[in-house]
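In what follows, a single structure is set out as structure tokens and then discussed.
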Amino acid sequence: MTEQNEALPLKFVVFAASSVVIPVLNQLLQQQQLAGVILNSKVNNDLYQLEQQLHQANIPYIRYDPAQLEPVAQQLEAWQTDISLLYTFSNILPASILNKAKLGTYNIHASSLPKYRGAMPLYWQIRNGETDSQLSLIKAELVADSGDIVLQVPLPIHPLDTQQNLGASVATQAVLLIEQFIAALANDTLVPKPQTGDISYAPRVNQAPMIYWQQMSAQDICCAARAGNSTLNGIGMLWKSAGQQSVIGLLQATAIDLPNYGVPPGTVLHVGEPEGVIVATKQGSLRLDVIVVAEGVYSGLAFANRFKLDAGVQFLSPDN
């Protein structure tokens, strides 16, 4: 063992922006390895919930202010930080903060890096129909998500996963990842490896994409609906009724092995029991399972009955 390893338990400071981190915080707290938490500068409901739980548990924390870095650096020193852990934290840290922890700064990222670097790896992996991924622990660098890979654990993606489902899997697997990390530190067996392979990106998405019926297959639409369920209201469908256009949120759909009979993509093929609402796509057909509108959330068939959606009606693409 190295001199540092003989001084275990190490002191972790977690940089966080979401309540997803709570299982890892509890893990470190139980092992008396949590020195404190630094919260993301952007405030939202999830971060507020995390802050309330930190306060109730008497876990020390401060807020990160990118315009006032000295208090953050001073707090890291005061906490005698051995390892800084970035987990759901979206601010890019400068070298002055990255280098403060004695044993370095690490980042948890939910993808098989270098694939899906960026702010929303879960969304884009679901949207692109991925079925297998990994939760990666990497060295944090000035270029986001570019550091050497330290450890990885499997992150399977279920065919019906949404971001929330997959986020829960991440929270569970992160505990295992940190457990293995601590063990490897104690045994001095960490071997960081450079990222290899093609780089792809997972940029932030702030609003639901729209269905382009002439371009998207049934499977494309199903995956995009799941990826945006429910944070983005799924994927948008453009519908013209009574001379007015409106956008309907499709939260869940199922690809159906049914011929489209040569009708234009976006045309409603069938409305009724037991099949529900079936729509033609570029490739194959699609059953509309769950729809959200201002009036509420409906099954596809309930929506059709309530708003008089009949076979032969055509959903539009934004460029129509």
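For the reader, a short list of remarks on this structure follows.
- Long-range amide H partners of Arg117 with built H, under 5 Å: Ser200, Tyr201, Ala202
- DSSP assigns beta bridges within the chain; of those with both partners inside it, close to 65 percent run antiparallel.
- Heavy-atom accessible area per residue - the stretch 46-103, 1.4 Å, Å²: 53 Å²
- Theoretical gain in end-to-end length, His270 to Gln214 [0.36 nm per residue, Cα-Cα removed]: 18.3 nm
- Remark on Ile256: its backbone amide H falls under 5 Å from those of Ser285, Leu286, Arg287, a criterion applied only to residues 5 or more positions apart or on other chains, H modelled at 1.01 Å from N.
- Taking amide H as placed 1.01 Å from N in the peptide plane, the amide H of Ser111 sits under 5 Å from that of Gln134, Ser136, each at least 5 places away or on another chain.
- Assigned charges on the beta-carbon of Lys, Arg, Asp, Glu; the chain dipole about Cα centre (debye): 540 debye
- Once volume of the Cα convex hull per residue in Å³ is calculated for the structure shown, the corresponding label among [x] 156; [y] 194; [z] 132 turns out to be [x].
- Shown for the chain: the carbon plus sulfur share of the solvent-accessible area, taken with all protein chains present and a 1.4 angstrom probe, equals 50%.
- Charged-residue dipole, Cβ positions (Lys, Arg, Asp, Glu), the stretch 168-272 about Cα centre, Debye nearest 20: 340 debye
- Linear extension gain, Asn91 paired with Val313, 0.36 nm per residue minus alpha-carbon span: 75.3 nm
- Too-long pairs where the Cα-Cα distance tops 27 Å, listed order kept, from Lys11/Lys115; Lys100/Lys193; Lys115/Lys139: Lys11/Lys115
- Simple Cβ-charge dipole of the stretch 1-146, Lys/Arg +1 and Asp/Glu -1, about Cα centre, in debye nearest 20: 220 debye
- Ellipticity estimate at 222 nm from DSSP helix runs (n ≥ 4, -39,500 (n - 2.57)) divided over the chain, nearest 500: -8000 deg cm²/dmol
- With the charge dipole of the stretch 44-198 set up from +1 on Lys and Arg Cβ and -1 on Asp and Glu Cβ about the Cα centre, the Cα lying farthest toward the positive end among the listed residues Asn91, Ile182, Val143 is that of Val143.
- Mean Kyte hydropathy of -0.5 or more with a Cα span along the axis of at least 15 Å, helices from DSSP in the chain: 163-187
- Taken as Cα centroids, the stretch 195-222 and the stretch 73-127 sit 25 Å apart, rounded to the nearest whole angstrom.
- Potential lengthening between Val293 and Asp65 on full extension [0.36 nm per residue; Cα-Cα distance subtracted]: 78.3 nm
The values are calculated or read from the model by the stated rules, or taken from the named source; none is laboratory data. Computed from a prediction, not measured in an experiment: that's the story for all the values here. We place every Cβ from the backbone using ideal geometry, glycine too, and count neighbours over all the protein chains shown. Surface areas here come from the heavy atoms of the whole protein model, side chains and all, with no ligands, DNA or RNA. Shrake-Rupley method; radii C 1.70, N 1.55, O 1.52, S 1.80 Å.
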